[in-house]
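The values are calculated or read from the model by the stated rules, or taken from the named source; none is laboratory data. Predicted, not measured: the structure shown is a model, and the values here were computed from it. All Cβ positions, glycine included, derive from the backbone under ideal geometry; neighbour counts span all protein chains shown.
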Amino acid sequence: MQRRGLEVVVGLFVLVGILALGYLSIKLGKVEIFGHRGYAVYALFPSVGGLKTGATVEIAGVPIGRVDSITLAEYQARVTMLVNPKVKLSDDSIVSIKTKGLIGEKFVQISPGGSDRVVPPGGRLREVEAPVDFEELISKFIFGQVEGGRQQ
(Lines give C-alpha, C1' and ligand atoms only; values in the text may rest on other atoms or scores of the structure.)
Protein backbone atom coordinates (compact mmCIF):
# COMPACT_ATOMS: atom_id res chain seq x y z
CA MET A 1 0.00 0.00 0.00
CA GLN A 2 2.86 2.36 0.82
CA ARG A 3 4.47 1.59 -2.54
CA ARG A 4 1.28 2.58 -4.38
CA GLY A 5 1.16 5.93 -2.54
CA LEU A 6 4.79 6.57 -3.42
CA GLU A 7 4.09 5.82 -7.10
CA VAL A 8 1.18 8.29 -7.10
CA VAL A 9 3.34 11.03 -5.52
CA VAL A 10 6.16 10.41 -8.04
CA GLY A 11 3.65 10.43 -10.90
CA LEU A 12 2.19 13.76 -9.75
CA PHE A 13 5.70 15.19 -9.35
CA VAL A 14 6.62 14.15 -12.90
CA LEU A 15 3.34 15.59 -14.25
CA VAL A 16 3.94 18.94 -12.50
CA GLY A 17 7.51 18.95 -13.85
CA ILE A 18 6.32 18.35 -17.43
CA LEU A 19 3.71 21.13 -17.12
CA ALA A 20 6.33 23.54 -15.72
CA LEU A 21 8.72 22.65 -18.56
CA GLY A 22 5.99 23.26 -21.13
CA TYR A 23 5.11 26.62 -19.57
CA LEU A 24 8.74 27.74 -19.53
CA SER A 25 9.26 26.61 -23.12
CA ILE A 26 6.31 28.70 -24.28
CA LYS A 27 7.30 31.79 -22.26
CA LEU A 28 11.03 31.70 -23.00
CA GLY A 29 10.49 30.72 -26.62
CA LYS A 30 7.99 33.58 -26.98
CA VAL A 31 5.51 31.26 -28.65
CA GLU A 32 1.99 32.55 -29.08
CA ILE A 33 -0.52 29.75 -28.40
CA PHE A 34 -3.66 31.61 -29.37
CA GLY A 35 -2.05 33.83 -32.00
CA HIS A 36 -0.69 37.33 -31.66
CA ARG A 37 -3.24 40.05 -31.16
CA GLY A 38 -2.59 43.04 -33.32
CA TYR A 39 -2.90 44.38 -36.81
CA ALA A 40 -0.76 43.60 -39.84
CA VAL A 41 1.31 46.12 -41.78
CA TYR A 42 3.97 45.42 -44.36
CA ALA A 43 7.05 46.93 -45.97
CA LEU A 44 9.00 46.05 -49.13
CA PHE A 45 12.78 45.72 -48.75
CA PRO A 46 15.39 45.15 -51.49
CA SER A 47 16.91 42.53 -49.14
CA VAL A 48 16.14 41.26 -45.66
CA GLY A 49 19.73 40.26 -44.90
CA GLY A 50 19.02 37.34 -42.57
CA LEU A 51 15.83 38.59 -40.91
CA LYS A 52 13.69 35.67 -39.76
CA THR A 53 9.99 35.15 -39.13
CA GLY A 54 9.25 35.77 -35.44
CA ALA A 55 11.87 38.53 -35.07
CA THR A 56 10.86 41.45 -32.89
CA VAL A 57 9.56 44.78 -34.15
CA GLU A 58 10.68 47.69 -31.96
CA ILE A 59 10.20 51.40 -31.51
CA ALA A 60 12.85 53.12 -29.35
CA GLY A 61 14.06 49.69 -28.17
CA VAL A 62 10.61 48.66 -26.93
CA PRO A 63 9.07 45.56 -28.55
CA ILE A 64 5.74 46.40 -30.21
CA GLY A 65 5.23 43.34 -32.40
CA ARG A 66 6.69 40.46 -34.39
CA VAL A 67 7.56 39.65 -37.97
CA ASP A 68 4.70 37.46 -39.19
CA SER A 69 5.97 36.46 -42.63
CA ILE A 70 8.63 37.16 -45.24
CA THR A 71 7.65 36.56 -48.86
CA LEU A 72 8.74 37.62 -52.33
CA ALA A 73 6.63 40.34 -53.98
CA GLU A 74 7.57 42.49 -56.95
CA TYR A 75 11.12 41.02 -56.78
CA GLN A 76 11.49 42.45 -53.31
CA ALA A 77 11.15 40.98 -49.83
CA ARG A 78 7.70 41.69 -48.39
CA VAL A 79 7.95 41.72 -44.60
CA THR A 80 4.57 41.48 -42.88
CA MET A 81 4.55 42.55 -39.23
CA LEU A 82 1.92 42.11 -36.53
CA VAL A 83 1.88 45.28 -34.43
CA ASN A 84 0.33 45.83 -31.00
CA PRO A 85 -3.13 47.39 -31.50
CA LYS A 86 -2.31 50.15 -28.98
CA VAL A 87 0.50 51.42 -31.25
CA LYS A 88 -0.56 53.60 -34.18
CA LEU A 89 2.06 54.03 -36.91
CA SER A 90 2.13 57.19 -39.01
CA ASP A 91 2.40 56.74 -42.76
CA ASP A 92 5.84 58.40 -42.88
CA SER A 93 7.45 56.06 -40.32
CA ILE A 94 10.85 54.71 -41.35
CA VAL A 95 11.31 50.93 -41.18
CA SER A 96 14.85 49.52 -40.84
CA ILE A 97 16.36 46.08 -40.38
CA LYS A 98 18.98 46.27 -37.64
CA THR A 99 21.28 43.84 -35.84
CA LYS A 100 21.53 43.43 -32.07
CA GLY A 101 25.26 43.73 -31.46
CA LEU A 102 27.90 43.09 -34.09
CA ILE A 103 26.82 39.57 -35.03
CA GLY A 104 23.51 39.36 -33.18
CA GLU A 105 20.03 38.53 -34.32
CA LYS A 106 18.17 40.76 -36.78
CA PHE A 107 15.11 42.78 -35.81
CA VAL A 108 12.88 45.45 -37.35
CA GLN A 109 13.20 48.98 -36.01
CA ILE A 110 10.53 51.56 -36.71
CA SER A 111 11.31 55.26 -36.35
CA PRO A 112 8.01 57.13 -35.94
CA GLY A 113 7.21 59.88 -38.39
CA GLY A 114 5.49 63.18 -37.79
CA SER A 115 2.45 62.73 -40.02
CA ASP A 116 -1.08 62.71 -38.64
CA ARG A 117 -2.15 60.02 -41.11
CA VAL A 118 -2.09 56.52 -39.61
CA VAL A 119 -1.28 53.33 -41.54
CA PRO A 120 -4.47 51.22 -41.60
CA PRO A 121 -4.48 47.47 -40.88
CA GLY A 122 -3.01 45.71 -43.92
CA GLY A 123 -1.38 48.97 -45.01
CA ARG A 124 2.14 49.54 -46.29
CA LEU A 125 4.98 51.39 -44.63
CA ARG A 126 6.72 53.04 -47.59
CA GLU A 127 9.91 54.48 -46.06
CA VAL A 128 12.47 51.66 -45.68
CA GLU A 129 16.20 51.35 -45.04
CA ALA A 130 17.90 48.23 -46.36
CA PRO A 131 20.04 46.27 -43.87
CA VAL A 132 23.81 46.67 -43.85
CA ASP A 133 25.50 43.60 -45.34
CA PHE A 134 28.64 43.19 -43.21
CA GLU A 135 30.09 40.44 -45.42
CA GLU A 136 29.88 42.70 -48.48
CA LEU A 137 31.46 45.61 -46.59
CA ILE A 138 34.31 43.45 -45.34
CA SER A 139 34.99 41.99 -48.79
CA LYS A 140 35.01 45.49 -50.34
CA PHE A 141 37.40 46.66 -47.66
CA ILE A 142 39.75 43.69 -48.11
CA PHE A 143 39.76 43.78 -51.90
CA GLY A 144 39.97 47.56 -51.88
CA GLN A 145 43.12 47.35 -49.76
CA VAL A 146 44.64 44.69 -52.04
CA GLU A 147 44.06 46.81 -55.16
CA GLY A 148 45.27 49.99 -53.44
CA GLY A 149 48.49 48.31 -52.31
CA ARG A 150 49.53 47.17 -55.81
CA GLN A 151 52.38 48.89 -57.52
CA GLN A 152 52.04 49.78 -61.16
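Out of LYS52, LYS27, report the one residue that is at pLDDT below 95, of a type in the set (D, E, K, R), over 16 Å from ILE110 (Cβ atoms) and under 12 Å from the mean Cα position of the chain (by Cα). I'd like the intermediate steps shown before the answer.
Working: LYS27 fails: under 12 Å from the mean Cα position of the chain (by Cα).
Exactly one of LYS52, LYS27 is at pLDDT below 95, of a type in the set (D, E, K, R), over 16 Å from ILE110 (Cβ atoms) and under 12 Å from the mean Cα position of the chain (by Cα), namely LYS52.
Which strands (runs of 3 or more DSSP E) does the range 1-119 wholly contain that include 1 or more residues that are surrounded by 10 or more Cβ atoms within 10 Å (Cβ to Cβ) and of a type in the set (S, T, N, Q)?
Counting at least 1 such residues, we get 56-59, 62-73, 76-83, 94-99, 106-111.
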